[in-house]
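Have a look at the structure below, then the notes.
The values are calculated or read from the model by the stated rules, or taken from the named source; none is laboratory data. Everything numeric here is computed off the predicted structure, so don't read it as measured data. Cβ atoms come from the backbone with ideal geometry, glycine included; neighbour counts cover every protein chain shown. Accessible surface is based on the protein model in full, side chains and every heavy atom, while ligands, DNA and RNA are left aside. Shrake-Rupley method; radii C 1.70, N 1.55, O 1.52, S 1.80 Å.
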Amino acid sequence: MQLEDYFNFLAPDDIRLKGSRIGIETILYEYIYRSRTPEEIAQTYTSLSLEQVYATILYYLQNKEAVSKYIADWLEWGHQQRKAQALNPPPGIVRLRKIKQEKAAMEQGKGA
């Protein structure tokens, strides 16, 4: 089996482990940024085998420059999405914030 056989290359910015909807960025974030061992990652993502986790790490190590860019782009995309959501929150979040402000104002009025 070739290393690439472990993955579905859906688009340049979408590489997933075969038989799952989990992207390589998910596994590699755990490994690189959270310093998780392959065994810990496999325990967290129970739909994946330990072999798949190791294959993902090996793919990263063999293609470090390209995969590092892939992950950096994914992190930037996530940052942009959070920023856009903060500027235009869903209605439920707006209601919760309003309730929280009203509650804080009531508690502050009681303390005065």
For a quick check of understanding: with a 1.4 angstrom probe and all protein chains in place, what accessible area in square angstrom does residue 94 have, to the nearest ten? 80 Å²
Overall Cα dimensions of the chain - principal axes, largest extent first, Å: 70, 28, 24
When the convex hull of the C-alpha atoms of the range 37-76 is computed, what volume per residue in Å³ does it have? 72 Å³
Restrict the search to the range 5-112; then list the chymotrypsin sites (Phe, Trp or Tyr not before Pro) that DSSP places in a loop and that have at most 15 other Cβ atoms within 10 Å of their Cβ. 33
Which Rg and Dmax, in Å, describe the Cα atoms of the range 16-64? 9.6, 26
Farthest positive-ward along the chain dipole, Cα basis, beta-carbon charges - from 71, 7, 60: 71
Amide proton proximity set for residue 7, modelled H, under 5 Å, gap of 5+: 18
